[in-house]
Amino acid sequence: MGVMGELGNPIDILLNRVRGHQRAPSDSKEFHEVTKRDAQRVLEDDIEKLLETCEEDRKATVRSEMMRFSNLFGRFLAEDGPSVDWNHIEKLPEDAVQDYNSLQTPDEERIRDELNKLVVIKLNGGLGTSMGCHGPKSVIPVRSDLTFLDLTVQQIEHLNKKYNSNVPLVLMNSFNTDEDTEKVVRKYKGFQVKIYTFNQSCFPRVSRESLLPIAKTFNVKDDMEAWYPPGHGDFYESFANSGLLRKFIDEGRVYCFLSNIDNLGATVDLNILNRLIGGGGEKPIEFVMEVTDKTRADVKGGTLIQYENKLRLLEIAQVPKEHVDDFKSVKTFKFFNTNNIWAKLDAIERVLKENTLNMEIIVNNKTLDTGLRVIQLETAVGAAMKCFEGIGINVPRSRFLPVKKTSDLMLVMSNLYNLRHGSLVMSPQRMFPTTPLVKLGENHFAKVKEFLGRFANIPDIIELDHLTVSGDVTFGRGVSLRGTVIIIANHGDRIDIPAGAILENKIVSGNMRILDH
């Protein structure tokens, strides 16, 4: 007789077994197993009810998406403990990470041919809410009134014009960004760049208490809080389902270059593309993860490890608590993942057909404004590395310029960088290639509008090493910051840095106001 056939309820089963003086551990295990099976079945029933609210013409697409969600949920239930046994992590083999400086630059006549084998994909699912902006993050102005998307289009158009190539740009949107992005994309019609868009999946948030979807209907726009885009690991299946993967293979495209739209350093690199294709006489590669040297600012970033004879991405979420300090060590793990990924299109198709895309699940716990605690199950695009034959390439830090906070925005808006054909290039006046460490107070600088209101213009930071600003601080026009500068306005105080001020290795605190008279 099956377990559920005994009494039907996991708690009854457990009590019955305990009365029979069975050992507790096996009961506890069986209890969990039954509860898990039950949770999966109830969730699937709930999704079936939800599907009844879906419009007929969308039902087939949505059903296939929900099957993927159900599969992810089943894997989440089945997982027992960390996905990595810490003691089985092996040392990276010598050839696992190639140095960028060892790559060959392709001959001029090869470049056009190699570019015509490429598709550029930008992850465009994020909103600018963390920086106080509405709509897609990609439409936040970052430099000379140009947005992330403007700069990306400029970069690719410049490539296409310079080499007479035809590199397309693909945007992976989410249900949060697709409508606004489609409106913006129209303005690029006259540019020498063909732009395609597709949407990543839309999965239901699950209550932490009941393990059931909190959505009541499939009308996502009526209840945005009940749904989420399941991380960029969803790229592979959504890209294939959109029909674009097959379309590009049929066109003779061979590789894609994928990166976050807010990483302004992630430009098309001809040397990496040449290495992928095997231009230097080396064997072509299926998958490249760009990594860069870890600094103290990057200790939480994912890293490359060798595990079970495969290169794979290790994220902090997968690390057992007692090894988190080891994970953060710059000595033990020298590199971190920039999330700039290059992959062979037919290899993506193969992995999907073989159903071997088994990426680690990231459990993202959230509390909604209503106080309801929910779970989002996500995956990371780099976690697919173990499914391919790949290498890491250790790239210069200049290929990792993400804008996650206003402190990052300050760097990219400053005179530290010059703008060339949509690409940010560090100023030759900077004596050393590292970027300054900038920390701006959360209470006064976190939102873009407030941040911009505190600077008459962005200070000269060519010679800056470290800046910390906290409290009610404003900057006049033409301020110059050099070395280490710390400015702290205590609660109730205000500091106005006067126009033209030069602060070099200074600590400013207390109350300093410039008054008109």
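For the stretch 229-264, the tally of residues that are crowded, with 23+ Cβ neighbours inside 10 Å, among the acidic types (Asp, Glu) and outside any loop (DSSP other than H, G, I, E, B) stands at 1. The listed residues are Ile156, Ile140, and the only one of them that is under 15 Å from His421 (Cβ atoms) and among the aliphatic types (A, V, I, L, M) turns out to be Ile156.
Scanning the stretch 439-455 for residues that are of a type in the set (A, V, I, L, M, F, W, C), modelled with pLDDT under 95 and either farther than 21 Å from Cys133 by Cα or out of contact with any helix residue (DSSP H, G or I) (no Cβ under 6 Å at 6 or more places or on another chain) (or both) yields Ala446, Leu452.
The listed residues are Val120, Val184, Val167, and the only one of them that is within 30 Å of Glu225 (Cα to Cα) and of a type in the set (Val, Ile, Thr) turns out to be Val184. Among the residues in the stretch 211-218, are any among the aliphatic types (A, V, I, L, M), on the phi > 0 side of the Ramachandran plot and touching a helix residue (DSSP H, G or I) at 6+ places or on another chain (Cβ under 6 Å)? Yes, the stretch 211-218 contains at least one residue that is among the aliphatic types (A, V, I, L, M), on the phi > 0 side of the Ramachandran plot and touching a helix residue (DSSP H, G or I) at 6+ places or on another chain (Cβ under 6 Å). Restricting Lys161, Lys189, Lys183, Lys216 to those that are modelled with pLDDT of 95 or more and charged (D, E, K, R) reduces the list to Lys161. Is one or more of the residues making up the stretch 51-59 surrounded by 17 or more Cβ atoms within 10 Å (Cβ to Cβ) and either hydroxyl-bearing (Ser, Thr, Tyr) or within 30 Å of Ile305 (Cα to Cα) (or both)? Looking through the stretch 51-59, none of the residues is surrounded by 17 or more Cβ atoms within 10 Å (Cβ to Cβ) and either hydroxyl-bearing (Ser, Thr, Tyr) or within 30 Å of Ile305 (Cα to Cα) (or both). From the list Val170, Val120, the lone residue that is touching a Pro at 6+ places or on another chain (Cβ under 8 Å) and either hydrophobic (A, V, I, L, M, F, W, C) or over 29 Å from Leu311 (Cα atoms) (or both) is Val120.
Note on the stretch 56-90: residues that are hydroxyl-bearing (Ser, Thr, Tyr), in a helix (DSSP H, G or I) and closer than 26 Å to Arg208 by Cβ total 1.
When the stretch 149-182 is filtered for residues that are under 28 Å from Glu378 (Cα atoms) and assigned to a helix (DSSP H, G or I), the ones remaining, listed by number, are Leu149, Thr152, Asp178, Glu179, Asp180, Thr181, Glu182.
Taking the criterion of being open to solvent by 30 Å² or more (accessible area, probe 1.4 Å) and within 20 Å of Phe335 (Cα to Cα), the residues of the stretch 276-306 that qualify are Asp293, Thr295, Arg296, Ala297, Val299, Lys300. Tell me, which residue of the stretch 356-409 that is in contact with a Pro (Cβ under 8 Å, 6 or more places away or on another chain) and farther than 30 Å from Arg75 by Cβ is surrounded by the most Cβ atoms within 10 Å (Cβ to Cβ)? Among those that are in contact with a Pro (Cβ under 8 Å, 6 or more places away or on another chain) and farther than 30 Å from Arg75 by Cβ, it is Asp408. Condition (residue is touching an Asp or Glu at 6+ places or on another chain (Cβ under 9 Å) and either at pLDDT below 90 or assigned to a helix (DSSP H, G or I) (or both)) applied to the stretch 335-344: is it met by at least one residue? There is at least one residue in the stretch 335-344 that is touching an Asp or Glu at 6+ places or on another chain (Cβ under 9 Å) and either at pLDDT below 90 or assigned to a helix (DSSP H, G or I) (or both).
Taking residues in the stretch 319-337 that are assigned by the TED database to the domain that holds Gln306, and partners anywhere that are open to solvent by 90 Å² or more (accessible area, probe 1.4 Å), the pairs with Cβ atoms closer than 8 Å and at least 6 places apart or on different chains are Lys328/Lys300; Val330/Arg296. Within the stretch 500-516, the presence of a residue that is surrounded by 16 or more Cβ atoms within 10 Å (Cβ to Cβ), among the charged types (D, E, K, R) and touching a strand residue (DSSP E or B) at 6+ places or on another chain (Cβ under 8 Å) is excluded. Comparison of Leu92, Leu118, Leu77 shows that the only residue that is of a type outside the set (Lys, Arg), under 26 Å from the mean Cα position of the chain (by Cα) and open to solvent by 30 Å² or more (accessible area, probe 1.4 Å) is Leu92.
The values are calculated or read from the model by the stated rules, or taken from the named source; none is laboratory data. All figures in this text were calculated on a predicted structure; none of them were measured in a lab. When we count neighbours, we look across all protein chains shown, and the Cβ atoms used for this are built from the backbone with ideal geometry, even at glycine. Calculation scope for accessible area: heavy atoms of the full protein, side chains included, ligands and nucleic acids excluded. Shrake-Rupley method; radii C 1.70, N 1.55, O 1.52, S 1.80 Å.
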